Structures are given as structure tokens and as C-alpha cells.
Amino acid sequence: MKKSTVLQLCAGIVVTFVGLYIFFSQVKPAQVWSEICGTPVPVIIGVALLSPLSLFFRAVRLRLLLNPSKPAPVKDLFPQVVIGFMANNIFPARLGEALRALLLWKKSGFTLAESVGSLVIERIIDTLFFAAFFFVPVFLSAEMSSLRLYGYIMAVVFVCSCGIALLYRHFPSFIVKSGKWCMHLLPQKVRKPLLNVASEVISNLDWMFSIKKVVAVFILSIAVPACYAVMMWLLGLDIEKFGILGGMFGVAFAALGAAIPLAPGYVGTLHTSVLNGLGLAGVAADRAGAIAVLYHAIGYVTVTALGLYYFFSIRLSFNIFKNVKKDVSGE
């Protein structure tokens, strides 16, 4: 095993244990377990169904982001999305992202730039809409009014990003030239990888020139986090003044925990983020801890099981994980 791989695994284990230590230092495990045991079975089933539904919406959106001239139906893209998230659940450093790019490239016939670029765009869109799921509850809920400053910052970033996208739709050459000019002000070591990423992103922006696709991408980009918000809402259904806004707020913090790349399966980081996020929404620590554990565990089991099913169905080998990052970055 390579030294870099060993270091990455060790760092992931450390991040996981730190996250779990912070989590368990803030809750009473026996009380959290009691809260978990009291969760109704229909709620667990509902949460389990919503998790793959969110991935289906991702697959539909991915089809819109990719080159429309190449045959890649949603029924083929959905297994790839699920397999990618399954890999993220098992391996550290978000290995599933590189695997999804590899599958798009090798299995669906897209170029490497199109494959990587579509996932970069997906990540940017997700970041913006998860940010919206933070500032919308902050503005609409009195319990979260102390976070208004952060809400305004995220709202400004969201609006500015949408403005840049609108400008690109009408003046693509101007935006591209302006972006390249700004990048040339950066040091060479930073500039080169950014220019490579920018070229990959631009190769996947044809959908922006179709108003129907823009509207569809916008709706699907709301539907993806909305599934997670409903999952969180169901788990806190009996909490007074929680509601769907509380679910949205909790999901924004869950996304923050999942954004930390080293922890395998987001264990520890997601739990701590959700616990503290729901605490800011007024949820008691032990109940928030139970919601965090159930939210993670149900989605983890469902997506991992479905991902393994598709992994063997399309006859992939575990050898694909050995050099997945090298195969993608090496080209």
C-alpha cells in the first residue's frame, strides 16, 4: 500500500474519531438510544425510501448537465450515481466522486472533461442550494434569528452566483474571458489546475442555453435537498416548532459535515454537524443526537446496499478502486 494511501486512511480515522468524541461528549448515549428505539417504523421506512429518491433526482439532473448528443439514459446513470455514493460511504476522501467520473467516461462514453466537469457543476449547484436551505429557515424562523448575518452572507453568495450564471447565458464569451483574466492574476501553481477545472466546467454548460433545461435543473436542485429535509422532518415529527424549516436547517448542517472529505462514510463529522445544527434550532441535545444517528444510519444502509446491488449487477470488480483516482487524474 502506498505511503500516501496509508496517510490518507490514518487521517480519515483520526477525523472520524475526533468527530465521534465531540458528538458523544455532548449527549447521553443511553438517552440517545432510548430516543432511537422510540422512532416509529413508518418513519424509518419513509426515510429509507427518500434516500434513493434523492439519488434518482440527481441522476435525472445529471442527464440534463451532460452532452445531450450522447446516449446515456437515466436508467444507466442512476446505478452509477448510487455506486458513487456507496463508495463514498465505504472509502475516505470521497473516492466515489472519482469513481463516478470514471464510470461516466468508461461506461457511458463521455469524454473525461465532460465526466469530471459535470460532477464539478453538480457539486457547485449542491453547495448553493444547501446554502439556500440554511438561509431560508434563518430568515423565516424566529428561533434562528441570531444567525441572520450568516444568512445574509449566504444569500448574497447565492444571488451573485445566479447572477453570474445569468450573465454567462447571455454573454458567454465575456464571462469566460473575464474569468481567465482573473485567474491569470493568480500564481502559476494555482492558476493551472483552476484553468483545467474551468475548461471541464465550460464543456458542460450547453444546458444553460435552453430555458426548459435551466428550469428543470433548478427544480431538481431543490428536489435533491428537499428529500433530505423531509427525512429530517420525519425524524423530528413530534418536536414542537421544528417543522420542515427545522428539517431544512438540519440538512444544511448535515451537508457541512459531509463536505469534510477524509472521514469514511461521513461518520463522526456528519453526526457532530447535525447535532450542533439542530441544537441551534432549539432541539434538545439527546433528541438531536438520535436524529443525527438515524438520519445517517438509515441513509447509509439503504444507499450502500443498493449501491452494492448495482455494483455486482453491472459486473464491476473491486480492483476498480485501486487506481480510480490515478486513472481519472492521469488522463
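Values quoted throughout were computed directly from the atomic coordinates according to the rules given, and no laboratory measurement underlies them. Predicted model only: the values in this text are computed from it and were never measured. Every residue, glycine among them, receives a Cβ derived from its backbone with ideal geometry; neighbour counts consider all protein chains shown.
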Subject >> Karplus-derived HN-Hα couplings along segment 194-209 (A = 6.51, B = -1.76, C = 1.60, θ = phi - 60°), whole Hz, x at Gly and Pro >> reply: 5, 5, 5, 5, 4, 5, 5, 5, 4, 5, 10, 10, 4, 4, 5, 8
Original post:
If you find the alpha carbon centre of segment 2-66 and of segment 158-173, how far apart are they in angstrom?
Top reply: 34 Å
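Exposed loop sites here are trypsin sites (Lys or Arg not before Pro) in DSSP loop states with at most 12 other C-beta atoms within 10 Å. What is the longest stretch of the chain lacking them? If you can, show how the numbers build up before the last one.
On the way: sites that count: K2, K241, R315, K322.
With trypsin sites (Lys or Arg not before Pro) excluded where exposed in loops, the chain gives 3-240 as its longest stretch.
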**OP:** At 0.36 nm per residue, minus the direct Cα-Cα distance, what do K177 and Q31 gain on full extension? Give it in nm, one decimal, please.
**Re:** 46.8 nm
Subject >> Cβ charges +1 (Lys, Arg) and -1 (Asp, Glu), total dipole of segment 104-245, debye >> reply: 680 debye
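Given the pairs K75/K192; K106/K189; K75/K106; K75/K213; K70/K213, which are separated by over 27 angstrom at their Cα positions?
Details: K75/K192 36 Å; K106/K189 29 Å; K75/K106 17 Å; K75/K213 19 Å; K70/K213 16 Å.
Among K75/K192; K106/K189; K75/K106; K75/K213; K70/K213, the Cα-Cα distance tops 27 Å for K75/K192; K106/K189.
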Original post:
What size of dipole, in debye to the nearest 20, comes out for the chain about its Cα centre when the only charges are +1 on Lys and Arg C-beta atoms and -1 on Asp and Glu C-beta atoms?
Top reply: 1160 debye
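If the only charges are +1 at each Lys and Arg Cβ and -1 at each Asp and Glu Cβ, what is the size of the charge dipole of segment 97-183 around the Cα centre, to the nearest 20 debye? Write out the running numbers ahead of the final one.
Numbers: 8 positive and 5 negative charges, 65 e Å.
The calculated dipole for segment 97-183 is roughly 320 debye.
Between D206 and L140, what length comes free when the chain is fully extended (0.36 nm per residue of separation minus the Cα-Cα distance, one decimal in nm)? List each step's numbers first, then the result.
On the way: separation 66, 0.36 × 66 = 23.76 nm, distance 3.53 nm.
Extending this stretch completely gives an extra 20.2 nm.
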